[in-house]
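Have a look at the structure below before the remarks.
What follows is calculated from the coordinates using simple rules that are stated; it is not laboratory data. This one's a predicted model, so the numbers in the text were calculated from it and none came from an experiment. Counting neighbours? That spans all protein chains shown, and the Cβs are built from the backbone with ideal geometry, glycine included.
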Amino acid sequence: MAALLTADRLVSSYVQVDRERRRFRVDRRAYSDAEVFRRERDTIFRRCWLYLGHGSEIAQPGDFVTRTIGGYDLIFTRDRAGATQAFFNACAHRGSTVCRERSGNTRVFTCPYHGWVYDAGTGKLRDQGTRSGYPEGFNSDGLYDLPRVPRLEAHRDFHFVNFNPRAVPLDRYLDDAAEYLDLVADQSEHGLEVIAGGQEVHTSGNWKLMIENSYDAYHGPSLHRSYFEFLDTRVAGQNMVATQRGMGFGLGNGHGAFEIELKSGRPVAQWIPPFGEAARPRIEAVKNRLVDRLGAERAERVAERQRNLIVFPNLVVNDNIGLSVRTVYPTAPDRLTAYIWAFGTREEDPLLRKVRLDNYLTFVGPGGFATPDDFEAFALCQRGNDHAPGGWSDISKGMASDEDLLRARGDFTDEAQMRGWWAQWDRILGGAETLEA
Amino acid sequence: MPGTDTRRDVETFLYQEARLLDAWRLKEWEQLFTDDGRYLVPPVGIERPEEADPARTLFVVADDRMRIGQRVIRLMKPSAHAEYPHSRTRHLVSNVEVLGGDEASRIQVTACFVVYRVRHGEFGTYMGQYFHTLVRNGDSFRIAEKRACLDLDALMPQGALAFIL
């Protein structure tokens, strides 16, 4: 693990730092080369902890969801004892996809090809569809059980996998990002839950463009002008852009966040007039319960501040007008897939759930008033990258000449949090950081 | 059950709506809605999207009347980057059925749609089923609710859904 990252030279040739002139630049081939795409798969997505899902998605024993994580098809399931498990969704016999549903509840997974049957909770091979042709004890060493993902660990019910058996423990990996996940998880004494209607989107652009965008506050007033104009109409008489203030941080290991104050309303727990008078006492009650449980100071931070967090490499937690969690994966050098979930608090008042979803939809998501314009920016950047020679992207805003790149700080509209991400990307891709214990 | 005259009137109305959308005459499209009208796009890839409730499920679009108006204002600005320049679309509407309701006032109708869209050389096909709740307005209708259920299992290729289905 890195101590201070104050080096003048970085590891790979894709990222350059010039401390004297306070410049931090990324070679745009990092966004378009097939070689980088391949190396990211073999390093970033094989060494880092990757978000698999939230415990609420598989609340009951036998519940499962299937999803593609870092290029691998996985099954995330809860066994009969209530523990979470992660398996590769590939039959130990010939490799066929075993489970074809996106979600459900089952006791066994049965391969459609030759009928191999696996216990859904343990992955143990129960039956090969026939007794002929196999010796006694054929699977006595478990070689033919459903293959298990090497590592599965959780922080506050956010479950992560790692494909490297020697990886550092999750909590050490999360570093200071754990504190930000805690601020999110602290919203309710009952915990959080994923709201039905998760979104999967495929769009143009290298996956890192969406990562950068997710905690880039600089682009808000320009790219999202039409959204802020709408917001000004909604919250009458306020210039919302002007009310923002806050800080951006590198959180170690490439994680980063910015945290701001902005009166755009939060179901936990900041009332604004568009939520309606009926919601007002209920949101105040939510706030009061926070104060009772967390103390006034922390309750204030949980309720009133907004935060955009990235857990390196690709988990985005946007705790702002709603609670949006997404992961982003490359499907080609110039194409990305994003999974987007809206979270709410468990046992949330139905009116507040409605307010939450309503508030969320104005900005976020493929049909919102802002997200589509972000997608347009990815496509434009990708096009510019691919159709202009020798370009470098600049991520210098707010850079101090002596800053520790992994823990830089700055105004929230600066790019300190992004430099930490890129510094870690550079170290892992270049082989200087293995993230092993 | 309502008769063929009603269905013919509904078809005429839906074709007119499609024509306004393809011509980006969104101010006129917006006027088709009642004062409490809603425009909904349920999540893709779920069972029975026609029954999903935006108060409990994350929709792609769940606009009340105010937000329909704001959506139109936004889409007509150059700063709505995802649709500037505007995409070209063609809304095809077929399999129109009157599902029920009171012919004289409020009826539920359904229709199948395919929207072809092209922008910057990228083509997209969006197929699905409409569920409109229509209110009689002389010899035409106004829209109390328009629900466009996509038959996709993920949003691709452009990812976003900034234009109107």
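Take each peptide in B:138-145, A:341-348, A:138-145, A:207-214, count the other Cβ atoms within 10 Å of every residue, and average; sorted highest first, the result is A:207-214, A:341-348, B:138-145, A:138-145. The helix-based estimate of mean residue ellipticity at 222 nm for chain A, built from -39,500 (n - 2.57) per DSSP H run of four or more residues and divided by its residue count, is -8000 deg cm²/dmol to the nearest 500. Dividing the convex hull volume of the alpha-carbon atoms in the range B:4-150 by its residue count gives 116 Å³ per residue. In order along the range A:410-416, the Karplus-derived 3J(HN,Hα) couplings, from 6.51 cos²θ - 1.76 cosθ + 1.60 at θ = phi - 60°, round to x, 4, 5, 8, 7, 10, 4 Hz, and Gly and Pro are given as x. Which pairs, out of A:Lys208/B:Lys146; A:Lys263/B:Lys77; A:Lys354/B:Lys146, put more than 27 Å between their alpha-carbon atoms? Exceeds cut-off: A:Lys208/B:Lys146. Tell me which aspartates and glutamates have Cα within less than 14 Å of B:Lys27's Cα, excluding those fewer than 8 residues away on the same chain? Result set, ordered by chain and number: B:Glu17. Computed from backbone phi, the HN-Hα couplings of the range A:419-427 come to 5, x, 4, 5, 5, 5, 4, 4, 5 Hz, rounded to whole numbers (Karplus: 6.51 cos²θ - 1.76 cosθ + 1.60, θ = phi - 60°; Gly and Pro given as x). Binning the alpha carbon pair distances of the protein assembly as shown at 10 angstrom intervals from zero yields the distribution 3, 16, 25, 25, 19, 9, 3, 0, 0, expressed in whole percent. Karplus-based coupling profile of the range A:344-351, in residue order and whole Hz: x, 8, 5, 6, 6, 3, x, 5, with θ = phi - 60° in 6.51 cos²θ - 1.76 cosθ + 1.60 and x standing for Gly or Pro.
Between A:Lys263 and B:Val118, the simple spin-label model (points 7 angstrom out along Cα→Cβ) gives 4.9 nm. P(r) tail for the range A:50-162: Cα pairs beyond 19 Å make up 42% of the total. Percent of C-alpha pairs per 5 Å bin in the range A:170-429, short distances first: 1, 6, 12, 17, 19, 18, 13, 7, 4, 1, 0, 0.
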